[in-house]
1. So in region 4-29, with the set limited to residues that are open to solvent by 90 Å² or more (accessible area, probe 1.4 Å) and modelled with pLDDT under 95, which one is farthest from ALA58 (Cα to Cα)?
2. Would you check which residues across region 88-108 are open to solvent by less than 20 Å² (accessible area, probe 1.4 Å) and part of a loop (DSSP other than H, G, I, E, B) and list them?
3. Residue pairs, Cβ under 9 Å, 6 or more apart or interchain, first in region 103-116 and over 16 Å from GLN39 (Cα atoms), second at pLDDT 95 or above and β-branched (Val, Ile, Thr). List them.
4. Is it the case that region 30-52 has a residue that's in a helix (DSSP H, G or I), at negative phi and either open to solvent by 30 Å² or more (accessible area, probe 1.4 Å) or among the charged types (D, E, K, R) (or both)?
5. Restricting to region 61-78, and then to whatever is under 19 Å from TYR92 (Cβ atoms) and open to solvent by 60 Å² or more (accessible area, probe 1.4 Å), can you tell me which residue is modelled with the highest pLDDT?
6. What are the pairs, 6+ residues apart or on separate chains, where a residue within region 38-58 that is more than 21 Å from ARG69 (Cβ to Cβ) has its Cβ under 7 Å from a residue that is of a type in the set (Ser, Thr, Tyr) and assigned to a loop (DSSP other than H, G, I, E, B)?
Amino acid sequence: QVQLVESGGGLVQAGGSLRLSCAASGRTFTTTAMGWFRQAPGKEREFVAARNWKSDYADSVKGRFTISRDSAKNTVYLQMNSLKPEDTAVYYCAAGQNLRFGVDYWGQGTQVTVSS
């Protein structure tokens, strides 16, 4: 099993920035990719970004969000800049082999609210 613990969510004004962190523990050697999904009220959970040997982004966040990974700390980060009200959602950390096709482990989620 792999445990994922997110931190860094909060309330920010439009145009502002936030950085999310996700620390993994347990059998982390069983996963190659870590990343982020988000779910807004009344909407399905959607892919945001992933990092294995390269970075992968949803079109809606390209150029504004940056994912990075510290393998020594088993931690993945999501730097979110130029935030928009439509970025408001619960952000979930995820781990697996290829997050575009399936997620093996989920974090508990952290709320990000962007005010206009």
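1. If we take residues in region 4-29 being open to solvent by 90 Å² or more (accessible area, probe 1.4 Å) and modelled with pLDDT under 95, then ARG27 is farthest from ALA58 (Cα to Cα).
2. LEU99, GLY107
3. Between residues of region 103-116 that are over 16 Å from GLN39 (Cα atoms) and residues that are at pLDDT 95 or above and β-branched (Val, Ile, Thr), the close pairs are SER115/VAL12; SER115/THR88.
4. Yes: region 30-52 contains one or more residues that are in a helix (DSSP H, G or I), at negative phi and either open to solvent by 30 Å² or more (accessible area, probe 1.4 Å) or among the charged types (D, E, K, R) (or both).
5. Step by step, filter region 61-78, then rank; the result is THR66.
6. ALA40/THR88
The values are calculated or read from the model by the stated rules, or taken from the named source; none is laboratory data. Everything numeric in this text was worked out from a predicted model, so none of it was measured. Every residue, glycine among them, receives a Cβ derived from its backbone with ideal geometry; neighbour counts consider all protein chains shown. Accessible surface areas use protein heavy atoms only, side chains included; no ligands, DNA or RNA. Shrake-Rupley method; radii C 1.70, N 1.55, O 1.52, S 1.80 Å.
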